[in-house]
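The values are calculated or read from the model by the stated rules, or taken from the named source; none is laboratory data. Note that the structure is predicted; figures quoted are calculated from it, not measured. As a convention, Cβ positions derive from the backbone with ideal geometry for all residues, glycine included, and neighbour counts pool all protein chains shown. To get the accessible areas, we keep the full protein, side chains included, count just its heavy atoms, and leave off ligands, DNA and RNA. Shrake-Rupley method; radii C 1.70, N 1.55, O 1.52, S 1.80 Å.
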2 protein chains.
Amino acid sequence: MAMAGDLPSELLEQAVQQMNTLPGVGRKTALRLVLNLLRRDEREVETFANAFLRLKKEIHYCRCCHNLSDTEVCPICSSRSRDRRIVCVVENVQDVMAIENTGQYNGLYHVLGGIISPMDAVGPQDIEIESLASRIETEPIREIIFALPTTMEGDTTTFYIHRRLQQVERKAQGAENEPLVFSQIARGMAIGNELEYTDEVTLGRSIVNRQMIS
Amino acid sequence: MAMAGDLPSELLEQAVQQMNTLPGVGRKTALRLVLNLLRRDEREVETFANAFLRLKKEIHYCRCCHNLSDTEVCPICSSRSRDRRIVCVVENVQDVMAIENTGQYNGLYHVLGGIISPMDAVGPQDIEIESLASRIETEPIREIIFALPTTMEGDTTTFYIHRRLQQVERKAQGAENEPLVFSQIARGMAIGNELEYTDEVTLGRSIVNRQMIS
């Protein structure tokens, strides 16, 4: 009987191929992971597999900010204790978590679901830009903070969205008297570092973008 | 609403925890893998999850050699073109594959499913030793090749099995005239290496275990 690949079992081959589809998981690792799974009870394997099926079937993307959520509106967007006048624009759910972990931000978010990247065939229409434009039309937002990657694609995306949002006519009550402010998270030296070990680009930016202390 | 961990969704948390159970997969990697999965179609996620469910439910362990198999008897054990007089004892399915890939072996196998390791709470009763004893009782086996890891645990396992098998009374026809031969795969320098870059233990063994050339 001809065997697919070099494995003694077609069932095993299929499982290894599936594991292999995960980023960074090569075939040898895939086999090791599958065999680890196989050593478990049938119940544990069901728990494993069903977690992903359940996630895919039942997960929501928050109607307001597009973050992952178990409910139509995520806990952050539906919270009464958040500052609803500030929206922080991020690339993905990991960035929301990263900022939440700082404990330094109490506003809302807007998750783009990616950044503009021609090389990856991601255009403005592929990420949540228009929904952000709708939000500033109707919500009492006073500040948009851009917290995208400090890369060329991240900066390009910030520039694009900034320009797009400036076109939006704000209809929220009182908005005419309060122009929308745009800001961007600071670039500079990381805390705890020495100057001579900081890369030139970052160090150069930290000088150019120096902040007044008096 | 209190959130488990730092993720915005309990569904996501469960999936990440499950991915995290895989060896070598930390929480950050688990999140990255789960989000990759989430970006796929529902159908692709079903294919992914079901491959593991199917594997666990339907996989067989070969009745003869305990290798993974889609059928009760694996293709190697049921093959008419294999030399049924030689059985190569290995630790696991990856070792069967490794030896098959050399193209240098045409006998049968016996997969122990582990090696004796007190530190990992694996004793002789936890691996397929008795089934091997049964095999040499009834099958026309002339040689047992030990191909276990060249570690202390591997050598201990080889020693234990060797001693156990010598106790077995062979009932196969003609077996009394043909004593069972035991061999072990060679230790020595790997092919393509320089002596000075070979570790001392291996180099020392390669001298002690030198093979006659004339």
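What does the copy distance list look like for A:M119, label position 7 Å along Cα→Cβ, in nm and ordered from shortest?
4.4
Given axes a ≥ b ≥ c from the Cα gyration tensor, I'd like to know whether region A:101-162 is rounded (a/c under 1.5), prolate (a/b larger than b/c) or oblate. The partial results should precede the final answer.
Numbers: a/c = 2.21, a/b = 1.35, b/c = 1.64.
Verdict is oblate for region A:101-162.
How far, in nm to one decimal, is A:Y61 from itself in the other copies if the label point is set 7 angstrom along Cα toward Cβ? Shortest first, please.
4.5
Rank A:R63, A:R164, A:R39 by mean-square fluctuation in a GNM of chain A with C-alpha springs under 10 angstrom and give only the top-ranked residue.
A:R39
Counting Lys +1, Arg +1, Asp -1, Glu -1, what net charge surrounds A:E46 among other residues with beta carbon under 13 Å of its beta carbon? Don't jump to the answer; show the numbers that get you there.
Numbers: positive: A:R40, A:R43, A:R54, B:R54, B:K56, B:K57; negative: A:D41, A:E42, A:E44.
Result for the local shell: +3.
Quick check: at a probe of 1.4 Å, how many percent of the accessible area of region B:9-58 sits on carbon and sulfur atoms?
Numbers: 1050 of 2400 Å².
About 44 percent, which is the carbon plus sulfur part of the accessible surface.
Can you list the HN-Hα couplings for region A:36-42, worked out from phi with the Karplus curve (6.51, -1.76, 1.60; θ = phi - 60°), rounded to whole Hz and with x for Gly and Pro?
These are the phi-based 3J(HN,Hα) values: 4, 4, 5, 6, 8, 4, 4 Hz.
To the nearest 100 Å², how much accessible surface do chains A and B hide from each other in total, with a 1.4 Å probe?
Values: alone 15000 and 14980 Å², together 24960 Å².
In total, chains A and B hide about 5000 Å² from solvent.
Below 8 Å between Cα atoms, with a sequence gap of 6+, how large is the relative contact order for region A:82-213 in percent?
Values: 164 pairs, mean separation 30.1, N = 132.
Relative contact order of region A:82-213: 23 percent.
How shielded is A:31-38 by partner chains, expressed as the average number of their Cβ atoms within 10 Å of its Cβ atoms? Write out the running numbers ahead of the final one.
Working: counts 3, 4, 7, 6, 5, 4, 6, 6.
Average neighbour count from other chains, rounded to a whole number: 5.
Using a ≥ b ≥ c from the Cα gyration tensor of region B:1-159 (square roots of the eigenvalues), is it rounded, prolate or oblate, where a/c under 1.5 gives rounded and otherwise the larger of a/b and b/c decides, a/b for prolate?
Details: a/c = 3.00, a/b = 2.01, b/c = 1.49.
Prolate.
With a bin width of 5 angstrom, please list the P(r) values of region B:9-58 as percents of all Cα-Cα pairs, from the 0 bin to the one holding the largest distance.
5, 20, 24, 27, 19, 5, 0
Report, for the protein assembly as shown, the % of DSSP beta bridges that are antiparallel, rounded to 5. Could you put the intermediate results ahead of the total?
Details: 6 of 32 bridges.
Here the antiparallel bridges make up roughly 20 percent for the protein assembly as shown.
Looking down the axis that turns A into B, which residue of A has the closest beta carbon, and how many Å out?
Closest to the rotation axis on chain A: A:A49, 2.
Percent antiparallel among DSSP beta bridges with both residues in chain B, to the nearest 5?
Values: 3 of 16 bridges.
Among the beta bridges of chain B, antiparallel pairing accounts for roughly 20 percent.
Any idea which of B:T21, B:I185, B:T150 is furthest toward the positive side of the dipole for chain B, if Lys and Arg beta-carbons carry +1 and Asp and Glu beta-carbons -1?
Among B:T21, B:I185, B:T150, the one farthest towards the positive end of the dipole of chain B is B:I185.
With springs only between Cα atoms under 10 Å, which of A:V25, A:V87, A:V73 fluctuates most in a Gaussian network model of chain A?
A:V25
Can you tell me the accessible area per residue over chain A, all protein chains present, probe 1.4 angstrom, in square angstrom? Before the final figure, lay out the partial values.
Values: 12490 Å² over 214 residues.
On a per-residue basis, 58 Å².
Taking 2.2 N^0.38 Å as the expected size of a compact globular protein, what ratio does the Cα radius of gyration of region A:81-214 give against it, to two decimals?
Working: Rg = 16.3 Å, N = 134, 2.2 N^0.38 = 14.1 Å.
Working it through for region A:81-214, the quotient is 1.15.
Sort largest first and round to whole Å: the equivalent ellipsoid semi-axes of the protein assembly as shown, each the square root of five times a Cα gyration tensor eigenvalue. The partial results should precede the final answer.
Values: eigenvalues 747, 136, 63 Å².
Values for the protein assembly as shown, descending: 61, 26, 18 Å.
For B:T198, place a label point 7 Å out from Cα along the Cα→Cβ vector, do the same in each other copy, and report the separations in nm, one decimal, smallest first.
5.4
Identify which of A:Q125, A:Q18, A:Q184 has the largest mean-square fluctuation in a Gaussian network model of chain A, with springs joining Cα atoms closer than 10 Å.
Most flexible of the set in this elastic network: A:Q18.
Step through the residues of region A:190-206 one at a time and calculate ³J(HN,Hα) from phi using the Karplus curve (6.51 cos²θ - 1.76 cosθ + 1.60, θ = phi - 60°), rounding each to whole Hz and writing x for Gly and Pro.
3J(HN,Hα) across region A:190-206, in whole Hz: 5, 5, x, 9, 9, 4, 6, 9, 8, 5, 4, 4, 4, 5, x, 5, 5.
How high is the relative contact order of region A:55-126, in percent, counting Cα pairs under 8 Å that sit 6 or more residues apart? Write down the numbers at each step before the final one.
Details: 100 pairs, mean separation 19.1, N = 72.
Dividing the mean separation by the residue count of region A:55-126 yields 27 percent.
Could you run the Karplus curve 6.51 cos²θ - 1.76 cosθ + 1.60 with θ = phi - 60° over region B:15-27 and give me ³J(HN,Hα) per residue in whole Hz, x for Gly and Pro?
3J(HN,Hα) across region B:15-27, in whole Hz: 5, 5, 4, 5, 4, 5, 6, 6, x, x, 9, x, 5.
Work out the length of the dipole vector of region B:82-213 about its Cα centre, built from +1 on the beta-carbon of each Lys and Arg and -1 on the beta-carbon of each Asp and Glu, and round it to the nearest 20 debye. Provide the component values of the computation, followed by the final result.
Numbers: 12 positive and 20 negative charges, 105 e Å.
Using Cβ point charges on Lys, Arg, Asp and Glu, region B:82-213 gives about 500 debye.
Distance from the Cα centre of region A:179-197 to that of region B:7-28, in angstrom?
31 Å
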